[in-house]
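What follows is one structure encoded as structure tokens, with my remarks underneath.
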Amino acid sequence: MDSSTGLRFRLVSFGRSLDPTLLAVLGALTLMGLITLYSAASDHPGNFGSQLRNFAFAAVIMLVFAGFSPSLLRRVAVPVYGFGLVALLAVLVAGVSVKGAQRWLDLGFTRVQPAEIMKLGVPLMLAWYFDRRAGTLRAIDFFVAFLIVLLPVGLIARQPDLGTALLVLAAGFFVIFFAGLPWRWLIGMGATGVAALPVVWSLMHDYQRNRILTLLDPMSDPLGKGFHTLQSMIAIGSGGIFGKGWMQGTQTHLEFIPERTTDFIFAVYSEEFGLVGNLVLTLLFFVLVARALAIAGNAATPFSRLLAAAIGMILFTYAFVNMAMVSGILPVVGVPLPLISYGGTALVTIGMACGMLMTIQRHRKLVQS
């Protein structure tokens, strides 16, 4: 067998080893995202071409990570987490401030947002940590795990970037929960959280308090702080059962929906495809999350199991928070809708996460039927 034939054989073998269900769902969501963005960005056609490039790059990243072994992911967990912490500290010292938020590092040729690293860096680190302590977990181990989570969350919240901080907190919590967090700890944390609400409120920035107050009563400032929420709710409601049709959304094309290509693209989708379209989209996200949890159930090691389960719940959190935010159920916190919203950074993060799921599935244990 010559080298070209051997390479072709390995590529075909690698392609066949990729999870078909995961690929099909990702492909369907990608198609729906591009269709919706084409309509939402009809007055800025450059965004559509840019998003095509973003999807292509994210797909390459996914395939690269799918080619890694879970043991390699385990070895890089600590360096990735450590690099992320150093980068977050660098943001506090020398970060670029935009609209009052200091979240970026200027590298000269581009700007990077280190907080994005921790969306996967934290679950990687925690999965490594609990894998090393499998079978010998004690209360102190959970305490250390929460410190691992809270350190980057605190740094991100100081930027301030509440949306990303909550996503990183959720990613870490899911790993700790699946690692076997005792229920008494959950009850105690819930009671402590409720008791701490007055303190949290006093520490919040004015714009964060306004988002919560707007959620409770968006009509209190319909042309100001409540505008985003009201216009998105109008768009969702006007879609009806079957929607107004692709490219026919009046709220979208009369430019009433703010941030319609990014955080509020779900309002565009809902107006044009209606309740039926929303059910299809919700079903696809459900299958995506369910497949990730099934991969976790068949994983070969505690590290792989915890990482896959956390990725599944991270994807659920992204989708749920965005849809609830746009529907007026949760405050506006700046969370994109996976594979639907415009943006390269979030797509690369999702590509990495799905690549990790692919390699965990490829190296799964044999399950007897």
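Assorted remarks:
- Just one residue in the set R53, R103 is among the charged types (D, E, K, R) and surrounded by 15 or more Cβ atoms within 10 Å (Cβ to Cβ); that residue is R103.
- Helices (runs of 4 or more DSSP H) wholly inside region 250-358 containing at least 3 residues that are crowded, with 19+ Cβ neighbours inside 10 Å, of a type outside the set (F, W, Y) and at pLDDT 90 or above: 265-297, 302-326
- Residues that are modelled with pLDDT of 80 or more and among the charged types (D, E, K, R) number at least 1 in the following helices (runs of 4 or more DSSP H) confined to region 1-113: 45-67, 70-94.
- Number of the exception - L89 against (1) surrounded by 13 or more Cβ atoms within 10 Å (Cβ to Cβ); (2) touching a strand residue (DSSP E or B) at 6+ places or on another chain (Cβ under 6 Å): (2)
- Meets criteria (closer than 21 Å to P152 by Cβ and of a type outside the set (D, E)) for A101: yes
- Scanning region 23-46 for residues that are buried (at least 17 other Cβ atoms within 10 Å of the Cβ) and farther than 18 Å from A319 by Cα yields a count of 3.
- Qualifying positions in region 118-147 - aliphatic (A, V, I, L, M) and surrounded by fewer than 21 Cβ atoms within 10 Å (Cβ to Cβ): A134, L137, A139, I140, V144, L147
The values are calculated or read from the model by the stated rules, or taken from the named source; none is laboratory data. Keep in mind that what you see is a predicted model, and the values were worked out from it rather than measured. Cβ atoms come from the backbone with ideal geometry, glycine included; neighbour counts cover every protein chain shown.
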